[in-house]
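S.K.: Dropping the structure in here first, questions after.
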């Protein structure tokens, strides 16, 4: 469970997400890139939701509040990739 909690986003996914996000901020995204960014955003959110699910399960098993477990493990909310 800890491996799943500590697993980061795959490097290629994170790199592409950052690149497309940067292009979005500079308003230079093509329509195709915008669709790709939407799909990547869904994937990032899905992976982060899985991480939280594992954290919540571990907190339940340890009988601790989620926030206390996160603090104990040094887990911080994921920044925007």
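Values quoted throughout were computed directly from the atomic coordinates according to the rules given, and no laboratory measurement underlies them. Treat the numbers as computed from the prediction; the structure is a model and nothing was measured. Note that each Cβ is placed from the backbone with ideal geometry, even for glycine, and that neighbours are counted across all protein chains shown.
S.K.: Would you say residue 66 is closer than 14 Å to residue 17 by Cα and surrounded by 14 or more Cβ atoms within 10 Å (Cβ to Cβ)?
M.R.: Taking the combined requirement at face value, the residue does not satisfy it.
S.K.: Still on this structure, I have one more. Can you tell which of 72, 32, 36, 45 is part of a helix (DSSP H, G or I), touching a residue at least 12 places away in the same chain (Cβ under 8 Å) and out of contact with any helix residue (DSSP H, G or I) (no Cβ under 6 Å at 6 or more places or on another chain)?
M.R.: Testing whether each residue is part of a helix (DSSP H, G or I), touching a residue at least 12 places away in the same chain (Cβ under 8 Å) and out of contact with any helix residue (DSSP H, G or I) (no Cβ under 6 Å at 6 or more places or on another chain) leaves just 36.
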